[in-house]
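Trainee: This is the structure I have questions about; it appears just below.
Each value in this text was obtained by applying a stated rule to the coordinates, not by laboratory testing. Computed from a prediction, not measured in an experiment: that's the story for all the values here. Every residue, glycine among them, receives a Cβ derived from its backbone with ideal geometry; neighbour counts consider all protein chains shown.
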Amino acid sequence: MFEIEGLTKNFGGLTAVDNFTLKIQPNEKVGLIGPNGAGKTTVFNMITGFLRPTAGKITFLGKDITGSSPHSIARKGIVRTFQLTSVFPNLTVLDNLISAHNLNLHIGFWEAVLHTPGNRKKEDEIRHKSIEIMEFLGLEEFRDRTAQNLPHGYKRILGIAIALAAEPRLLLLDEPLTGMNAGEVETAIELINKIWQSGITVLLIEHNMRAAMGLCQRIAVIDFGKKIAEGTPQEVQNNEEVIQAYLGRSRAA
């Protein structure tokens, strides 16, 4: 479904990502982990078109998408969340989701100006889809609350809901559990599993190691921009190079 080959990103004399490779099959849950500054978000930024790779190739559903624009990649079915919660703070939860459907919104100029029956039908469909996503992720009780007044964990969940509105086939989650308390983490893990069970393939970056190990079927580990390990959570946990990277001994050597 998705393949990265030899992905490299240089910033001047600094190599942030070095010859990174990864394959993902349909409906997998894959984790990308590593110490702070290892290059994880740079990988995400190249996948989603926010950064152009220095070298390498990214293939999705058999097509080369390397260096494509972010909106083009999103239209193809790769959608991401961000480390910082990206919501419209002054809009309600429902209005956030309605606004998020713009990627697949096909309303013509005159349809909108004249508010034609076709336009009204499309608006009703978008509203219905927004309510479905809201209910799917347990946000219905916050339907009319502005995003800025949500508890932190639910702001993060709203960010995921906004990504789902773009109808992804591959969902990239950048540290989805950041700043959550234990109860919120448990809820978010259940929702990520629910999304995966609905048929959406998931690739996530996560610093909560216990959560990542419990959530992902397979994990790739990156350190200093290079992939140092890949395998099941158990294999990764027992990998000596991974242990050294997280304990910092590799940096002292």
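Trainee: Which percent of Cα pairs goes in each bin when the distances of the chain are cut into 10 angstrom slices starting at zero?
Mentor: Per 10 Å bin, starting at zero, the Cα-Cα P(r) for the chain comes out as 7, 29, 34, 21, 8, 2, 0 percent.
Trainee: Farthest toward the dipole's positive end in the chain, which of I65, V221, P168, given Cβ charges of +1 (Lys, Arg) and -1 (Asp, Glu) about the Cα centre?
Mentor: I65
Trainee: Moving to a separate point now. Normalising by the residue count of the chain, find the relative contact order in percent from Cα pairs under 8 Å and 6+ residues apart.
Mentor: Working: 438 pairs, mean separation 67.7, N = 253.
In percent, rounded to a whole number, it is 27.
Trainee: If I model a spin label at Q237 and K76 as a point 7 Å from the Cα along the Cα→Cβ vector, what separation in nanometres do I get?
Mentor: Output for this residue pair reads 3.6 nm.
Trainee: Using Cα atoms only, what is the angle between the long axis of helix 182-197 and the major principal axis of the chain, expressed in degrees (0 to 90) to the nearest 10?
Mentor: 80 degrees
Trainee: Taking 0.36 nm per intervening residue step and subtracting the Cα-Cα distance, what contour gain separates E3 from Q244 on full extension?
Mentor: Numbers: separation 241, 0.36 × 241 = 86.76 nm, distance 2.75 nm.
Going from the current span to full extension adds 84.0 nm.
Trainee: What FRET efficiency, computed as 1/(1 + (r/R0)^6) with R0 = 25 Å and r the Cβ-Cβ distance, is obtained for R143 and N27, rounded to the nearest 0.05? Please list the in-between numbers first.
Mentor: Values: r = 30 Å, r/R0 = 1.20.
My answer for the efficiency is 0.25.
Trainee: Ordered by packing density, taken as the mean number of other Cβ atoms within 10 Å over each peptide's residues, highest first, how do 147-156, 54-63 rank? Before the final figure, lay out each step's value.
Mentor: Working: 147-156: 17.8, 54-63: 15.1.
So the peptides 147-156, 54-63, ranked by packing, come out 147-156, 54-63.
Trainee: So, one more: Would you count, across the chain, every pair of lysines whose alpha carbons are under 15 angstrom apart, provided the pair is eight or more residues apart or spans two chains?
Mentor: Lysine pair count for the chain: 12.
Trainee: Please name whichever of G183, G153, I126 sits farthest to the positive end of the charge dipole of region 118-209, dipole taken about the Cα centre and charges placed at Cβ: Lys and Arg +1, Asp and Glu -1.
Mentor: I126
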